[in-house]
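One structure is given below, encoded as structure tokens.
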2 protein chains.
Amino acid sequence: MSDDEVNVLFMPSGLRGQFPTGTTILQAAQRLGVDLESICGGQGQCRKCQVLPQQGEFAKHGITSRVEHLSAFTETEKHLQSKNRLKEGRRLGCNARMLGDLVVDVPEESQQHKQHIAKAVTAYDIQVQPALHLFTVTLSEPDMHAPMSDKRRLQQALIRQHNLPLLDCELSQLRLLQPALEKAARQVTVAVYQFEKIIAVWPGEKKQVYGMAVDLGSTTIAAQLCSLVSGEVIATADSMNPQIRFGEDLMSRVSYVMMNEGGDVAMTQVVREAFNQLAKRAAKTAGIGLDEILDITVVANPIMHHLFLGIDPTPLGGAPFTLTTDQTQVLRAAEIDIFLHAETRVCTLPCIAGHIGADTAGVILSERPDLSEDYLLLVDVGTNAEIVLGNRNRLLAASSPTGPAFEGAQISAGQRAAPGAIERVRIDADTLEPRFRVIGCDVWSDHPEFAEKSAKVGVSGICGSGIIEVAAEMFLAGIIDQDGVIGVVEGKASPRIIEDGRTWSYLLHDGEKVLKVTQNDIRAIQLAKAALHAGTRLLIDYMGIEKVDRIGFAGAFGSHIDVKYAMVLGLIPDCNLDYVGSVGNAAGTGARIALLNFPSRVEIGEILPRVEKIETALEAKFQEYFIEAMALPHKIDPYTELSKVVNIPVPKPKAASDAAGSETSRRSSRRRRSRV
Amino acid sequence: MSDDEVNVLFMPSGLRGQFPTGTTILQAAQRLGVDLESICGGQGQCRKCQVLPQQGEFAKHGITSRVEHLSAFTETEKHLQSKNRLKEGRRLGCNARMLGDLVVDVPEESQQHKQHIAKAVTAYDIQVQPALHLFTVTLSEPDMHAPMSDKRRLQQALIRQHNLPLLDCELSQLRLLQPALEKAARQVTVAVYQFEKIIAVWPGEKKQVYGMAVDLGSTTIAAQLCSLVSGEVIATADSMNPQIRFGEDLMSRVSYVMMNEGGDVAMTQVVREAFNQLAKRAAKTAGIGLDEILDITVVANPIMHHLFLGIDPTPLGGAPFTLTTDQTQVLRAAEIDIFLHAETRVCTLPCIAGHIGADTAGVILSERPDLSEDYLLLVDVGTNAEIVLGNRNRLLAASSPTGPAFEGAQISAGQRAAPGAIERVRIDADTLEPRFRVIGCDVWSDHPEFAEKSAKVGVSGICGSGIIEVAAEMFLAGIIDQDGVIGVVEGKASPRIIEDGRTWSYLLHDGEKVLKVTQNDIRAIQLAKAALHAGTRLLIDYMGIEKVDRIGFAGAFGSHIDVKYAMVLGLIPDCNLDYVGSVGNAAGTGARIALLNFPSRVEIGEILPRVEKIETALEAKFQEYFIEAMALPHKIDPYTELSKVVNIPVPKPKAASDAAGSETSRRSSRRRRSRV
């Protein structure tokens, strides 16, 4: 474990993980899927996320938990304590940041059963039906009068004692058979893959075996280590994708391959190395052997998917964007240089098209639009935005070229979501003065203690969610007009709006580092949002509907942004805001579902060929919609829902759809609640 | 290629191979399965094996053939020339030894269609039905309007153009798919294994692919490289088993493993290395790429089989001799460090029991006792003798602990069959003087030119066949009695019978090296022959028959010995000598059958479980028979057949079985002819 990371174990769930120092308890809980309520989204307002940090040695878990391992009580917490609304010893999960290892109790009243915007699968209702099962048998003694190989004896015992078919056994495990029999008085446990083949042999009885679900992103790689017996997530681990050194975004990596002989091999190598390291860390955190991880599922975008498999992604860098394989691939981990157990299997989920990968397959598996009665729009924003729209009758998918603006790239002050990054912004409509919050500091910038408290992390840039908010707030404050042009606001003189060459910029922060929002930044945001909007509109067109019923944002971007602001900017189409929300790391959840529930791997293989792929680049209408959607807010939607949220001028409200929308909303609000 | 080896190509068959310098053309032809007649068995008497060596460059085959690359004309050949019975330019295959690369024509009149003592399969009637097939397809161009992965496009083309089922493709080959399509205008050839999986992809059209059948012996490793399209053997290669450095015989190798940590790993490593080298040599000889070898079949005794697979053979070194696996194993070659094509498959034939291995499975596949109407006895003599007896109704198998005496080990002057080894012996019944022939010299020791001609090779020891002959001749000459005791022959004073401590020895050769046959040598032969005899007798007992109908000797020992002498010594039970003969390297032939005819792999897997294993060590009768069979000749058989062959006193002839035996002989002689 690195010094920059802390271990945390949540009780009573037993979920545990490793996080960067400074992560709040709430963030960790959300990442691990711990049942900890939070209504305000970590703003310190709802007071629901109260937890009880433990003091003492948790030898079994290898954790020494100290209440001092948490950041000092915040003003908010002190205030609550003084009013007797934060009980002795408790902390607010969203305020307390972890500085060392911890065991944290989640009191009964802080638990909830989280609702998901999609009805189908949540972390708790995955039916554990893994690809491999353990069977323990005791073999009869060898008998010279009836000679029989030990393999045959094992096969017969499995048939007789466990009703299994005749199973072959991997050679690497055959080698272990006789030593195992000798070690444990002829008792062995075997792992059987897909009821077809023995892929592991251990002496004596063995009751646990593990699997890992991995979301191989272009920026981060995230692993969830699960028991294949209970289905529990026993540890998580993240790392940066080391391919970043070859190019920030996917296209620059493909360019690297095109321009450098062996570039794909180098990238394949580093991502596999990172994968191995990640598995090691996860196993160490969970206190299990690396060779106890026997099954792996992987989701990834097509380029990452091909690179991980060692397939040259060059053809994915240009039209016609032909995948080598779009099917589920099942491999021995060793075949792709992943070294866990000798026979660990890796299953990569299928891809949809050249731009729509196994990560989208994971989102579908997590949110199951194919089972939905109403129209569900799923949006996964990264360098591209993958969009899925549909219901039980029909599914459409497209990829929209948003570019990396939403991830903080191509933005002058943009940066990744890391300590020091501005993640929340408010602009006073009268004074045009901003206030903001940075990751790693628990007070807003207008708080008296901000200078002191932010000293450690500094104010270094603006991350994705900050970019959305600042642009939306600038728009709401009139600093930018509907065409996205920054300019002086009539009657509101402000030193924040400054001339910057031939255009104007907005001075967000004038500290050690000067952070401005430039006209180019706003253009980048406009382009990105226009692409996303045009893509969703194209699918809505194709589907022949007026309005979607629910919208789910998948991925890190989706879980950080405030959907209100996304709607202000016109990132998403018109929808009742109650039914818009984050679906969390749906791709990763999909990988975990595939890991724990083998039949779902078959299902996703059957669903994907039914998905209609819309190639935005070939659609004349996409260009048209794209240009229309450059405006802020875009001029094509009725904004019925938006008008309820923020008081902004709505260009051309359509009364009819307004009524219909409200009706839908009333009808279904009894059934569901948004997380947001 | 080593300097000690020569390349030879036979025409018109096109069979080629690499042999030690000094090998006769006949020996090479026999090893390659070239159709070259020989009745006298290479004695220079029948004059049938006439061949026409070629002069010139055979560029296509990479051979420069010179008639000077043959040893000088022998007296026999000169004699035949003078009588116009050896045409201009021709040589006697058994007289001419190869000293350099050669292309050799086999004239029409020297060709025959060799008969096999077993009826079933010969080299020429293996039905070529390999495990893998080539298919060439041209894929449609990618289409952005109907995006489809190239893998799916390939699958559909194979279904539509070749009526194949939906085939998965190995990842290593998927990586090659798009580059191959690009290289050859979207035409590719794939190799499909068992109509189940694509294991190779090449650009454009490919019409040939190869396989290798390997006989992994404890002393030598022999490979036959075959076209999987035509079935032809295109090259052979041999090498010593480098495990010899760990122990001459199998049991000493197992002891090495028991006494040395990691000893099995070391032995596994060296045998796999030798395997890789052998494949390289065979591919080079044939002028093909190493990566064109896609399928391999292997036969081996159980210990070699387990070591090759990397399974610790220790349990095979002691009771209850439990195999880890007795089943056919199909592996990726790379899994066992055999590096040819990335997806080359290795299939090891199944084993029968702890002492009876995949080599015996090969013998069964070659000779098919399970299809025989009459009782066929198959004997494979090595350190142990594996014995199979049966017909279409019932099959028995046993292993008899003959020890390595028949291989020249445990014999004071014993050595391997190599130049300088005595391989033939005659003893004058009156003078008791011996005459002999050594490997690498074409005249008998009483020939005037022997000293000159043998100078190059010397007289260094006695090989297996020499041991059988000298013991039998000593017995026939009365130098040893029925109990195997060497002594002075009454009325025949001889300086050859010498006192040697407390026993007598027979002085076979008194040259630079003194070669004696000692009492201990005779004891070793007696023990070996008694073990073999007792084993066969036990099986005959079990079968409830009086007499076997046919006997086939498998392996090198079987093809060198003179069966008459084997019968004099009582190595084999009573049988019409016309039906006793060598079945050649039946184990290797079995491997080739399995390679070229995939259904036979399934068949052998079905035959073996039907074979009844007789564990000689558990049979009280085996001990009894063993003791009885110590006598020379053993006292239990009627010797009806033997008495026809050599004029020796028969202890207790049984008139009844005599008649029965002759009857059988007459009945079947019309149907078959022996090779011998």
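The values are calculated or read from the model by the stated rules, or taken from the named source; none is laboratory data. These numbers were taken from a predicted model, which means no experiment stands behind them. Using ideal geometry, Cβ is built from the backbone for each residue, glycine included, and neighbour counts are taken over all protein chains shown. Side chains are part of the model used for accessible areas, which takes the heavy atoms of the whole protein and leaves out ligands, DNA and RNA. Shrake-Rupley method; radii C 1.70, N 1.55, O 1.52, S 1.80 Å.
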Of the residues in region B:502-515, those that are open to solvent by less than 60 Å² (accessible area, probe 1.4 Å) and in a strand (DSSP E or B) come to B:T503, B:S505, B:Y506, B:L507, B:L508, B:H509, B:L515
Which of the residues spanning region B:322-357 are within 30 Å of B:G403 (Cα to Cα), open to solvent by 20 Å² or more (accessible area, probe 1.4 Å) and more than 9 Å from every other protein chain (Cβ to nearest Cβ)? B:T328, B:H355
Restricting to region A:573-601, give me the number of residues that are in a loop (DSSP other than H, G, I, E, B) and open to solvent by 20 Å² or more (accessible area, probe 1.4 Å). 1
Sole exception among (1) modelled with pLDDT of 85 or more; (2) open to solvent by 70 Å² or more (accessible area, probe 1.4 Å); (3) more than 30 Å from A:L323 (Cα to Cα) for B:R91, by number: (2)
Outside the structural domain of B:F19 (by TED's automatic domain parsing) and over 21 Å from the mean Cα position of the chain (by Cα): does that describe B:S230? yes
I'd like the full set of residues that are open to solvent by less than 10 Å² (accessible area, probe 1.4 Å), among the aliphatic types (A, V, I, L, M) and in a loop (DSSP other than H, G, I, E, B), limited to region B:550-572. B:L569, B:L571, B:I572
Kindly indicate which of B:A180, B:A213, B:A200 is at negative phi, within 14 Å of chain A (Cβ to nearest Cβ) and at pLDDT 95 or above. B:A180
Condition first: acidic (D, E), more than 14 Å from every other protein chain (Cβ to nearest Cβ) and open to solvent by 30 Å² or more (accessible area, probe 1.4 Å). Now tell me which residues in region A:265-318 satisfy that. A:E273, A:D291, A:E292
Report the residue count in region B:435-469 for those that are of a type in the set (D, E), within 28 Å of the chain's Cα centre (by Cα) and closer than 19 Å to B:C94 by Cα. 1
All but one of (1) out of contact with any Phe, Trp or Tyr (no Cβ under 9 Å at 6 or more places or on another chain); (2) closer than 26 Å to B:T402 by Cβ; (3) part of a loop (DSSP other than H, G, I, E, B) hold for B:G458; which doesn't? (2)
Does region B:389-404 contain at least one residue that is closer than 22 Å to B:P599 by Cα, touching a strand residue (DSSP E or B) at 6+ places or on another chain (Cβ under 9 Å) and within 14 Å of chain A (Cβ to nearest Cβ)? no
Inside region B:145-194, can you point out the residues that are over 27 Å from B:V346 (Cβ atoms) and of a type in the set (D, E, K, R)? B:D150, B:R152, B:R153, B:R160, B:E182, B:K183, B:R186
If you go through region B:452-467 one residue at a time, do you hit one that is free of Cβ contacts under 8 Å to residues at least 12 places away in the same chain and surrounded by fewer than 21 Cβ atoms within 10 Å (Cβ to Cβ)? yes
Per-region count, region A:128-173, residues within 10 Å of another protein chain (Cβ to nearest Cβ), under 30 Å from B:E619 (Cα atoms) and free of Cβ contacts under 8 Å to residues at least 12 places away in the same chain: 9
Can B:A530 be described as touching a helix residue (DSSP H, G or I) at 6+ places or on another chain (Cβ under 7 Å), in the same structural domain as B:L632 (by TED's automatic domain parsing) and outside any strand (DSSP E or B)? yes
Among the residues of region A:392-406, count how many are at pLDDT below 90, open to solvent by less than 70 Å² (accessible area, probe 1.4 Å) and of a type outside the set (F, W, Y). 4
